[in-house]
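One structure below.
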Amino acid sequence: MDTIHACFKEKIGEVLLPGDVFSFSFPESGDGTIKTEKIICGPGLRRNGEEVKVCKSGILRHKQPNMYWIDSQQRRYVPAKGESVIGIVTTKAGDVFKVDVGGSEQASLSYLAFEGATKRNRPNVQVGDLVYGQFTIANKDMEPELVCIDSCGRANGMGVFGADGLLFKVSLGLVRRLLAPQSEIVKDLEKIFPFELVVGMNGRVWVKAKTVQQTLIVTNLLETCENMTSQQRQTLFKKVAAGFF
Amino acid sequence: MRDTPLSNCERRFLLKAIEEKKRLDGRETYDYRNIKISFGTDYGCCIVELGKTRVLCQVSCELVPPKDSRPTEGIMFFNLELSPMASPAFEPNRQSELSVTLNRQLERCLRNSKCIDTESLCVISGEKVWQIRVDVHVLNHDGNLMDAASIAAISALSHFRRPDVTIQGRDVTVFSPEERDPIPLSIYHMPICVSFAFFLEGSYLLVDPCEREERVKDGLLMIAMNKHREICSIQSSGGIMLLKDQVLRCSKIASVKVSEITELINKALENDRKIRKEGGKFGFAESMPKQRITTLKRDKAPVEMTDVEETASDIVNTTETTTEPVPSPVLVGMGTAQVGEGIVNSWGLDEEEEEDDEPQTEDTKTDEVMVISDSEEEEVVILNEVQKSKKTSKQK
């Protein structure tokens, strides 16, 4: 049962390059039965007939029970369905807002895709506002579409936000680290002082703290902890916390 | 490609921060970012890094006839290019307003201030003068392109060496750098631009704005000055009303900054001169810092070695044997030998030509000259010391 899993398990945690191939040779089992194994190929892995090919450079990761993906690093965002992103409204065109999400095309966001919006009751969105939304359509052939409600019709944290605070851009790898369920970076940052944080999967982060100085500190800390090991990061945060109080 | 739009919350935050005298990267109001000047291997090539803004300048020269109105002066030509590499907002081959402004300011700063002695660039009055061409390329745009461009231009001009010339009557001999050392240009003074950005209707100002600060500014004041406290040019854009004492205050700040920057340029030039004299390594490759991410320790990565031997022996066994060995060389004449005969011309010769070949080969004797090549394009002739050479031309 483990031929496929065994092939992958050897390489978990190793650096793979585009073009590396996982090919599976199925041994003839004695009683003629073929056991089916199901594997989910995440980002960076692509099935090519009988083989699985690596198409991005990075480290192979595994999540139980059967998900494998390549953890790669890049700064340019490509819209993908279901991801929540921070967008900037650029124009109002008819019934639709055009939102810049950092991809090759601007996404469209309908007037009615907000909680409690009807044709008479239009949402209060101006050009230049920040919106937090999810992609319903995002593929390479069509213009991406955003919505600010979930499937039940509730906002669930999405919509227009950010009256104050600062928006800045980081790499996609750092954003995924921040959004991980037990993120160490966020925990370390919380200890310094309280602040509000909105993280979009397109690399954009919005921060708001009590004073301008604190907001700037959080911004600079997040931008620099991109390439640091956890130890360096903790010493840096401790220094900042000590200098602050 | 379009540039990312500036959101309202960013604009509000930046203006609020400026009111509280705070900048995004923690600088003070009058602080410049880190300036780094590096020179290339050629004379006259310079890269200036002002924080993340990078600008490259190259100076070159050429002998041309002078302008009719000024027969005894050399010509200076300035060009500033905004490459799309610098920012997604720059489109190729389009003269945007920014590029026109920067070009005009660069010309005013360097040409009208007469910092270069153009009379010394004259070789023969009315006929030949040196044309000095200054090309500035913007490699990365993070604000304050004008300052970086002016620093790069004046550093490159100070670094540049033109070829030495001698004149004898009407003849001009230009010596290459190997024959005679090239001569530096004669520069009277170094004008440097300092930019001030104004916010909230002129009540707050910042020196050396970065790109985000530039987007929310109301107006810009550019003062070009040299270290002798002479103002070479002033330009105010954006339509804000400036008070007299504001302008005077800015010029005082500019004089302090210009003297610091001039010292930096001179130090960089001195370093480069010293290294070249001692014969050390110079150029851009040496000035790039080796950022140490590649020397982080990693665990040894295991390489698949299990069946290397088997695959290697498989390959060796299954390959075909090599083709027939190369024939040994045939001595044709004194100092000439031939290995093999070459492939027959497969382009489909006419029958007439083939007939011509045959009588030729019959006539040749070992002592006489042999023409080896059948090629239509060239004549291959082997000269023997004793015999006279016999050329057969088969040119068609």
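Bear in mind these aren't lab numbers, they're just calculated from the coordinates by the rules spelled out. Nothing here was measured: the structure is a model prediction, and the numbers come from that model. No Cβ is skipped: glycine too gets one built from the backbone with ideal geometry, and neighbour counts run over all protein chains shown.
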task = Could you work out the mean projected area of the convex hull around the alpha carbons of the stretch A:132-224, in square nanometres to one decimal?
result = 7.2 nm²
ask   = What percent do you get for the relative contact order of the stretch B:1-103 when only Cα pairs under 8 Å and 6+ apart count?
value = 18 percent
remark   = Around A:Arg233 (Cβ within 13 Å, Cβ-to-Cβ, excluding A:Arg233; K/R +1, D/E -1) the net charge comes to +1
ask   = What net charge is computed for the residues neighbouring B:Gly219, neighbours being all others with C-beta under 14 Å from the C-beta of B:Gly219, Lys and Arg scored +1, Asp and Glu -1?
value = -2
request  = Could you work out the Rg to Rh ratio of the stretch B:177-248, with Rh taken as the Kirkwood radius (inverse of the mean 1/r over all Cα pairs)?
outcome  = 1.22
note = Percent antiparallel among DSSP beta bridges confined to the stretch B:41-169, rounded to 5, stands at 70 percent
task = Lys and Arg at +1, Asp and Glu at -1: add these up for the other residues within a Cβ distance under 13 Å of B:Ile265 and post the number.
result = 0
task = Post the alpha-carbon centroid distance, the stretch B:63-141 to the stretch A:119-157, in whole angstrom.
result = 50 Å
note = Flagged as over-length at 32 Å C-alpha distance, from A:Lys208/B:Lys257; A:Lys239/B:Lys52; B:Lys16/B:Lys244; A:Lys11/A:Lys191; B:Lys21/B:Lys244; B:Lys22/B:Lys227, the pairs are A:Lys208/B:Lys257; A:Lys11/A:Lys191
query = Given H placed on each backbone N at 1.01 Å, which residues far from A:Gly58 in sequence or on other chains put an amide H within less than 5 Å of it?
reply = A:Leu16
request  = Report the percentage of all Cα-Cα pairs in the stretch B:76-214 whose separation exceeds 24 Å, rounded to a whole percent.
outcome  = 45 percent
note = Using alpha-carbon positions, the gyration tensor of the protein assembly as shown gives root eigenvalues a ≥ b ≥ c; with a/c under 1.5 called rounded, otherwise prolate if a/b exceeds b/c, else oblate, the class is oblate
message = If you average the C-alpha positions of the stretch A:159-188 and of the stretch A:56-79 separately, how far apart do those two centres end up, in angstrom?
response = 19 Å
inquiry  = Report the Rg/Rh value for the stretch B:53-115, based on alpha-carbon coordinates and the Kirkwood definition of Rh.
reply    = 1.04
ask   = What residues have an amide H closer than 5 Å to that of A:Asp20, excluding those fewer than 5 places away on the same chain, when H is modeled at 1.01 Å from N in the peptide plane?
value = A:Val54
ask   = Over the protein assembly as shown, what is the percentage of antiparallel beta bridges among all DSSP beta bridges, to the nearest 5?
value = 90 percent
message = Whole percent per 5 Å bin, from 0 to the bin with the longest distance: what is P(r) over all C-alpha pairs of the stretch B:1-128?
response = 2, 8, 11, 13, 16, 16, 12, 8, 5, 4, 3, 2, 0
key: Number of partner chain Cβ atoms within 10 Å, mean per residue of B:9-15   = 6
request  = Specify, per residue and in Å³, the volume enclosed by the convex hull of the alpha carbon atoms belonging to chain A.
outcome  = 164 Å³
Positive-end residue of B:Gly44, B:Val64, B:Ala86, charge dipole of the stretch B:15-92 with Cβ unit charges = B:Ala86
